[in-house]
Amino acid sequence: QVQLVESGGGLVQPGGSLRLSCAASGTIFRFNPMGWYRQAPGKERELVARITSAGYTNYGDSVKGRFTVSRDNAKNTVYLQMNSLKPEDTAVYYCNAESYGAPYWGQGTQVTVSS
């Protein structure tokens, strides 16, 4: 059994910042990669950012230069620092972690960017 527990979502004004956290726990101790996806109403789920245990990262084009993904391997926790938020960043953000190719998902946290 694997649990991914997300925190840090909420309402923020355009140009503001938020930090998401996701802690993985359960019977699996190594996840690679870990990251974040998002899904806006009426749209498909898309990659936001992900990071390997060695620290290699990749980002969705729309967030490059504004978002930063990081992780604490010892805590099996992944973070997403989101700066310069835009209304189009509004979505449910899902934590994702893979173990030997098997994907695990968090239940999602809402991020709303609005004035």
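So is E6 assigned to a helix (DSSP H, G or I), touching a residue at least 12 places away in the same chain (Cβ under 8 Å) and not hydroxyl-bearing (S, T, Y) or not? Before the answer, list the steps.
Working: assigned to a helix (DSSP H, G or I): no; touching a residue at least 12 places away in the same chain (Cβ under 8 Å): yes; not hydroxyl-bearing (S, T, Y): yes.
No; evaluated as a whole, the condition is false for this residue.
For region 12-32, the set of residues classified as open to solvent by less than 20 Å² (accessible area, probe 1.4 Å) and more than 20 Å from S84 (Cα to Cα) consists of C22, A24, F31, listed by residue number.
Listed residues S7, S53, S21; which is touching a helix residue (DSSP H, G or I) at 6+ places or on another chain (Cβ under 8 Å) and among the polar types (S, T, N, Q)?
Details: S7 fails: touching a helix residue (DSSP H, G or I) at 6+ places or on another chain (Cβ under 8 Å); S21 fails: touching a helix residue (DSSP H, G or I) at 6+ places or on another chain (Cβ under 8 Å).
None of the others qualify; the one that does is S53.
If you go through region 1-11 and keep only what is touching a Gly at 6+ places or on another chain (Cβ under 9 Å) and open to solvent by 70 Å² or more (accessible area, probe 1.4 Å), you end up with Q1, Q3, V5.
With the condition kept exactly as written, say whether any residue in region 73-89 is open to solvent by less than 50 Å² (accessible area, probe 1.4 Å) and of a type in the set (D, E). Break it down into steps so the answer makes sense when it comes.
In the first step, residues of region 73-89 are kept if they are open to solvent by less than 50 Å² (accessible area, probe 1.4 Å); the result is 76-80, 82, 85, 89.
Now restrict to residues that are of a type in the set (D, E): 89.
Yes: region 73-89 contains one or more residues that are open to solvent by less than 50 Å² (accessible area, probe 1.4 Å) and of a type in the set (D, E).
Being touching a residue at least 24 places away in the same chain (Cβ under 8 Å), open to solvent by less than 50 Å² (accessible area, probe 1.4 Å), under 14 Å from V111 (Cβ atoms) and not β-branched (V, I, T) is the filter here, so list the residues in region 35-72 that pass it. Hits for region 35-72 are W36, Y37, R38, A40, A49.
Residues that are in contact with a Pro (Cβ under 9 Å, 6 or more places away or on another chain), farther than 24 Å from Q13 by Cα and among the acidic types (D, E): does region 91-100 have at least one? There is at least one residue in region 91-100 that is in contact with a Pro (Cβ under 9 Å, 6 or more places away or on another chain), farther than 24 Å from Q13 by Cα and among the acidic types (D, E). Screening G15 with (1) over 21 Å from Q3 (Cα atoms); (2) touching a residue at least 24 places away in the same chain (Cβ under 8 Å); (3) assigned to a strand (DSSP E or B) gives one miss only, at (3).
For region 93-107, name all the residues that are without any contact (Cβ under 8 Å) to a residue 60 or more places away in the chain and aliphatic (A, V, I, L, M). A102 - this is the single residue of region 93-107 that is without any contact (Cβ under 8 Å) to a residue 60 or more places away in the chain and aliphatic (A, V, I, L, M).
The values are calculated or read from the model by the stated rules, or taken from the named source; none is laboratory data. In this text the structure is predicted, and so the values were computed from the model without any measurement. All Cβ positions, even for glycine, are placed from backbone atoms using ideal geometry, and neighbour counts span all protein chains on display. Note: accessible area is taken over every heavy atom of the protein model, side chains too, but ligands, DNA and RNA are not part of it. Shrake-Rupley method; radii C 1.70, N 1.55, O 1.52, S 1.80 Å.
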